[in-house]
Each structure stands twice: as structure tokens, then as C-alpha cells.
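Presented below is the structure to which this report refers.
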């Protein structure tokens, strides 16, 4: 059992050493909660998505996340 790297730092200090994947033998470091970090940005498009069809909602989400990834890539390095 491990706590994700995004959440582990909000726990008690002893949780870090017991439940962080950095300290569990033969485990890998995965940040699976990446969508949580996108929620604030996704909130900007949710009001526009309420009246859209399912296909259009998927397209809007895809475009918004691709734009977010592009902006991150521009800021790397």
C-alpha cells in the first residue's frame, strides 16, 4: 500500500517513510493524480460543456488538455 506522490506531503511525517513509494522496496514512483492538478484549469470550461453533446464535450476536454500540455512543454527547461 502506498500514498501517491501528489498527496504524501500533506500527511504526517511518519507517513512519508512508511507509505511513500520512494521508500518501499521494488516500487516505482508514479504520479497518478495528474488529473487532480488539472481540475482548476478544467473548471474554466465546465460551464460551456453543460449544453454540449457528449462528442463535443470529449472534443472540448481533449483540446483543453492538449493546450495545457503544450503550455507545459513550452515552459520546460
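The values are calculated or read from the model by the stated rules, or taken from the named source; none is laboratory data. These numbers were taken from a predicted model, which means no experiment stands behind them. Here Cβ is always computed from backbone atoms with ideal geometry, including for glycine, and neighbour counts include all displayed protein chains.
Under the condition of being in a loop (DSSP other than H, G, I, E, B) and touching a helix residue (DSSP H, G or I) at 6+ places or on another chain (Cβ under 9 Å), which residue from the range 5-23 is modelled with the lowest pLDDT? The selected residue is 6.
Only residues that are part of a loop (DSSP other than H, G, I, E, B), within 27 Å of residue 69 (Cβ to Cβ) and modelled with pLDDT of 70 or more were counted across the range 24-37, and they come to 1. Considering (1) under 17 Å from the mean Cα position of the chain (by Cα); (2) loosely packed, with under 11 Cβ neighbours inside 10 Å; (3) modelled with pLDDT of 75 or more, the lone condition that residue 54 does not fulfil carries the number (1). No other residue among 40, 48 is assigned by TED's automatic domain parsing to the domain that holds residue 61, at pLDDT 75 or above, touching a helix residue (DSSP H, G or I) at 6+ places or on another chain (Cβ under 8 Å) and part of a helix (DSSP H, G or I) apart from 48.
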